[in-house]
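Reading through the structure tokens given below for one structure.
The values are calculated or read from the model by the stated rules, or taken from the named source; none is laboratory data. No experiment lies behind these values; they were computed from the predicted model shown. FYI the Cβ positions are ideal-geometry reconstructions off the backbone, even for glycines, and counts take in every protein chain you see.
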Amino acid sequence: MSQGSSQRLHRVVVIVDENSNPFELGCATEVFGLRRPEIGRELYDFRLCSPRPRTVMRDGFFTLTGVEGLAAAEEADTLIVPNRPDVEVPRRAAVLRAIRAAHARGARLVGFCSGAFTLAEAGVLDGRRATAHWQWSAAFRARFPSVRLETDVLFVDDGDILTAAGSAAALDLGLYIVRRDHGAEIANAVSRRLVFAAGRDGGQRQFVERPVPKTADESLEPVLAWIRERLDGPLTIAAMAAHASVSPATLHRRFQAQLGTTPLRWLTAERVAYACRFLELGEASVDTVARRSGLGTAANLRTLMRRETGLTPTRYRRRFLRKPRET
């Protein structure tokens, strides 16, 4: 998603409605709304709006006042829709009209958790891919059979409509959007500010089984750190397993249990992210980037970058090249 015209920042607007969840509102504010002095520039113009002057949040925890009216949604480049636990209660007609109008003029729509219900009720998800919290999957399918619901992923990017599963996945999707808008280096800076890992893939499972470990050394963190220091060299599953002092089959089971993915897929994602950083810092040679990131050839780099980011290396560099700060 482009930043729009050079005259203003990309505007992210969150609609807050009665009984909205505070956590997802906090996620949106943390990712899109805070000043970023460590980056040296603002990333978004962030606004909150509500159909009423006073909005009672979930379970009456607090009342939100002093935000803009629903007209603010008319100027959103990205519109984050309301989500709440009472998924069977119809949304306000004015909110649904605002969502449909934003979609019609080409704004990006985002739903966190039960926000998928809001999008579906507005009629913008018919025939589209989406996800929602696993506990509501049966209810969602019963009400909106025309939506292609994916129940075992963290988030879904369906182009101009993005949806995230349960609460923590809102952070995953938010950081993914930052990366899509501003590149891997900026997304990593935001994740460091949040003290939150930026690398969870949208295709990972919502519910990752985490059995109580029998021994303290079953954590993957030591081997992940070891791998990250060697991304530019040859790495095999056997070598990773040997470093972790386990068999390849055991390593595979631990990746699935702790990260919800396979060792090879995780390694590939790390290498693509590493390649993105080289491109953002101005490395001109695609062959050099492929070699330094451990992806081998330029052809392999192009294939994997298209799969992971939707962009070729050249287009990625052109879009996200970090310009020196003016002194």
Out of the residues in region 30-77 that are touching a strand residue (DSSP E or B) at 6+ places or on another chain (Cβ under 7 Å) and either β-branched (Val, Ile, Thr) or not assigned by TED's automatic domain parsing to the domain that holds Gly183 (or both), state the one that is surrounded by the most Cβ atoms within 10 Å (Cβ to Cβ).
Thr55
Only unsatisfied item for Ile39, checking (1) in a loop (DSSP other than H, G, I, E, B); (2) free of Cβ contacts under 8 Å to residues at least 24 places away in the same chain, is (2)
Could you tell me whether region 295-317 includes any residue that is under 21 Å from Trp226 (Cα atoms) and in contact (Cβ under 8 Å) with a residue 24 or more places away in the chain?
yes
Given the residues Gly282, Gly294, which is the only one that is at pLDDT 90 or above and either small (Gly, Ala, Ser) or part of a loop (DSSP other than H, G, I, E, B) (or both)?
Gly294
Could you check region 142-174 and list, in sequence order, the residues that are of a type in the set (Asp, Glu) and touching a His at 6+ places or on another chain (Cβ under 9 Å)?
Asp160
Residue tally, condition closer than 16 Å to Thr268 by Cβ, in contact (Cβ under 8 Å) with a residue 12 or more places away in the chain and assigned to a helix (DSSP H, G or I), over region 233-255
5
Residues located in region 43-69, provided they are modelled with pLDDT under 90 and in contact with a Lys or Arg (Cβ under 7 Å, 6 or more places away or on another chain)
Arg58
Let me confirm something: among Val178, Val81, Val147, which residue is closer than 25 Å to Gly60 by Cα and crowded, with 16+ Cβ neighbours inside 10 Å?
Val81
Residue selected from region 201-236 under the condition modelled with pLDDT of 90 or more and crowded, with 17+ Cβ neighbours inside 10 Å, by the criterion nearest to the chain's Cα centre (by Cα):
Leu224
The one condition Leu171 fails out of (1) aliphatic (A, V, I, L, M); (2) modelled with pLDDT of 95 or more; (3) out of contact with any Leu (no Cβ under 6 Å at 6 or more places or on another chain) is (2)
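Yes or no, residue by residue, for (1) modelled with pLDDT under 95; (2) surrounded by 23 or more Cβ atoms within 10 Å (Cβ to Cβ); (3) outside the structural domain of Thr151 (by TED's automatic domain parsing); (4) in a loop (DSSP other than H, G, I, E, B):
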{"position": "Pro85", "(1), (2), (3), (4)": "yes, no, no, yes"}
{"position": "Leu96", "(1), (2), (3), (4)": "no, no, no, no"}
{"position": "Gly111", "(1), (2), (3), (4)": "no, yes, no, no"}
{"position": "Glu121", "(1), (2), (3), (4)": "no, no, no, no"}
Filtered residues of region 267-323 (kept if in contact with a Leu (Cβ under 7 Å, 6 or more places away or on another chain) and surrounded by fewer than 14 Cβ atoms within 10 Å (Cβ to Cβ))
Gly282
Residue under evaluation Cys27, criteria (1) touching a residue at least 40 places away in the same chain (Cβ under 8 Å); (2) buried (at least 18 other Cβ atoms within 10 Å of the Cβ); (3) not in a helix (DSSP H, G or I), criterion not met
(3)
